[in-house]
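These notes concern the structure reproduced below.
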Amino acid sequence: MEFIATAEDALAKLHDNWPRPERAYRHAVESCQDVVRGWAPTYVARMAFEEAVKEAGLHLHL
């Protein structure tokens, strides 16, 4: 099991051989970058990352 605690962690995971880099993936990358830059609140990255996980057919343990 992997623990994703920050937008930086999520961004690293997205850039590490993501299985399906499609629409939700691209949105998640942009959202995580916005959070890292301080342009958006952290929940934005979390929601986008969760959608990318679903799109890729991966499982997320909360």
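Which order, highest average first, do 40-51, 23-34 follow once you tally other Cβ atoms within 10 Å for each residue and take the mean per peptide?
Details: 40-51: 17.4, 23-34: 19.0.
Top to bottom by mean Cβ count within 10 Å: 23-34, 40-51.
Quote the relative contact order of the chain in percent (integer), defining contacts as alpha-carbon pairs under 8 Å separated by 6+ residues. It would help to have the intermediate numbers written out before the result.
On the way: 54 pairs, mean separation 22.0, N = 62.
RCO, the chain: 35 percent.
With the alpha-carbon atoms of the chain aligned to their principal axes, the span from lowest to highest coordinate is 29, 24, 18 Å, starting with the largest. Once the Cα-Cα distance is subtracted from the 0.36 nm per residue extended length, the R20 to E2 segment shows a gain of 4.6 nm. Between 0 and 90 degrees, the angle of helix 23-37 with respect to the longest Cα principal axis of the chain falls at about 30 degrees.
Coordinate-derived values only; no laboratory data. No experiment lies behind these values; they were computed from the predicted model shown. Heads up, the Cβs are rebuilt from the backbone with ideal geometry, glycines too, and the neighbour counts pull from every protein chain shown.
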